[in-house]
1. Between the helical axis of 101-118 and the dominant principal axis of the chain, each derived from Cα atoms, what acute angle in degrees is found, rounded to the nearest 10?
2. On alpha carbon coordinates alone, what is the Rg over Rh value for region 24-82, Rh being the Kirkwood radius?
3. Beta carbons within 10 angstrom, averaged per residue: use that to sort the peptides 122-128, 68-74, 82-88, 159-165, highest first.
4. Which distance in nm do the two modelled labels at residue 161 and residue 21 give, with both placed 7 Å along the Cα-to-Cβ direction?
5. What does the helix-only formula give at 222 nm for the chain: each DSSP H stretch with n ≥ 4 adding -39500 (n - 2.57), the total divided by the residues, and the result rounded to the nearest 500 deg cm²/dmol?
6. In whole percent, what relative contact order does the chain give with Cα contacts below 8 Å and a gap of six or more residues?
7. Could you tell me, in Å, what Rg and Dmax come out for the Cα atoms of the chain?
8. If you average the alpha carbon positions of region 147-161 and of region 11-68, how far apart do those two centres end up, in angstrom?
């Protein structure tokens, strides 16, 4: 009788645990969508950038809104400033406007790759340079040599981890 009681109680606990995990997953997929999957994978493969990093940057920068416009004038999925986008177009030619979602992802990812190289593969410096601009970050680093981590770079890395977990089978990445 006691064994039967524990068995039923264990089954109920297990059931509610599974239900809770399913609700948690559904919530996670709702708050961390993966739009432009094919484009992200294609560009990530071409430029050898982890696609979950691209998705994380897009999530934080624009929440996958291809018409997002910041108060400072940054536009699109990857929130490129017009001057930066025009400069990037000379470095990495595209067909059409940098404001188109595919081109915005291409240029933003190319910019991430360039910053990664400029900042010796330091992910925090790369992300902070993407956010605040490389010259501004370099000036800041001169004043504060120990500066590495910001809320921005930590959020991107956290989002990247979430995208990696949620969409493990969706990303195609042969790099590190």
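1. So the helix axis and the longest Cα principal axis differ by about 80 degrees.
2. 1.01
3. 122-128, 159-165, 82-88, 68-74
4. It works out to 1.9 nm between the two label points.
5. -21500 deg cm²/dmol
6. Working: 170 pairs, mean separation 44.6, N = 176.
Taking the mean separation of contacting Cα pairs over the length of the chain, I get 25 percent.
7. Rg, Dmax (Cα atoms, Å): 20.4, 77.
8. Cα centroid of region 147-161 versus Cα centroid of region 11-68: 16 Å apart.
Where a number appears in this text, it was derived from the coordinates with a stated rule and is not lab data. Model, not experiment: these values are computed from the prediction. Glycine gets a Cβ as well: all are built from the backbone with ideal geometry, and neighbour counts include every protein chain shown.
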